[in-house]
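Have a look at the structure below before the remarks.
The values are calculated or read from the model by the stated rules, or taken from the named source; none is laboratory data. Nothing here was measured: the structure is a model prediction, and the numbers come from that model. Cβ: placed from backbone, ideal geometry, glycine included. Neighbour counts: every protein chain shown.
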Amino acid sequence: MKKPVHSKEVKNAALQRLNERGVTVEDIAEIVYLMQSPYHPGLTMEPCIASVQAVLEKREIQHAILVGVELDMLAEKGMLSEPLQTLVATDEGLFGCDETLALGSVFGYGSIAVTTFGHLDKHKVGVIKRLDTKTSGGRVHTFLDDLVASIAANASSRMAHRLRDEQEAEDERTALLADDAAEQAG
């Protein structure tokens, strides 16, 4: 019986695939920053990077990256059977499996992630636009562009919820301090 693949090995392989395909955590974090900065003045890249890294810790995301990038690479080499080869290699407009794989990874992060994914899929922001371009030197990114949108959408949603939680906690601290000051004064 084969020994299970260790989660560190899976994570490292997923990160390696992203890097091999020219996608960095920082590239994805830039998209997160663009999505969240209008709602959070003073936002910096550091929490955006941390949020992307947290999303990349999820096995479901890692598995989706490994499957999607593998299909892209096989299509580049002409190793898929027809008609799948042509569908993936040309990123056929009605071929929705790439979005389906990516969208499946979005549902765990709530409605903000779902709507952000739709926005990113339609508007091709940041590195997604570069990946979506059909003339990328013979490279196929049919799955990868949608997976990057999924990671960015998840990290954006995660950040939106965390920033709200932090604001509410700060509001509660301020209210408690005000109550304490009123008690001492009265």
Legend entry - Where Val88 falls short, out of the listed (1) of a type outside the set (Lys, Arg); (2) touching a Leu at 6+ places or on another chain (Cβ under 7 Å); (3) surrounded by fewer than 19 Cβ atoms within 10 Å (Cβ to Cβ): (3)
Inset, instruction - Can you tell me which residue among Thr116, Thr174, Thr86, Thr100 is in a helix (DSSP H, G or I), without any contact (Cβ under 8 Å) to a residue 40 or more places away in the chain and under 20 Å from Ile65 (Cα atoms)? - result: Thr100
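Scan Val106, Val69 and give me the residue that is under 23 Å from Glu26 (Cα atoms) and at pLDDT 95 or above.
Checking each option against the conditions leaves just Val69.
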Inset, instruction - Test Ala50 against the criterion of being at pLDDT 95 or above, of a type outside the set (Asp, Glu), surrounded by 19 or more Cβ atoms within 10 Å (Cβ to Cβ) and assigned to a helix (DSSP H, G or I), and give yes or no. - result: no
Inset, instruction - For the range 134-168, enumerate the residues that are under 19 Å from the mean Cα position of the chain (by Cα) and hydroxyl-bearing (Ser, Thr, Tyr). - result: Thr142, Ser150, Ser156, Ser157
Inset, instruction - Can you tell me which residue within the range 132-179, out of those that are among the polar types (S, T, N, Q) and over 19 Å from Leu101 (Cα atoms), is surrounded by the fewest Cβ atoms within 10 Å (Cβ to Cβ)? - result: Thr135
Inset, instruction - Out of the residues in the range 3-19 that are of a type in the set (D, E, K, R) and in contact (Cβ under 8 Å) with a residue 40 or more places away in the chain, state the one that is surrounded by the most Cβ atoms within 10 Å (Cβ to Cβ). - result: Arg17
Legend entry - Pick from the range 119-131, criterion in a helix (DSSP H, G or I) and either in contact with a strand residue (DSSP E or B) (Cβ under 9 Å, 6 or more places away or on another chain) or of a type in the set (Val, Ile, Thr) (or both), ranking: surrounded by the most Cβ atoms within 10 Å (Cβ to Cβ): Ile128
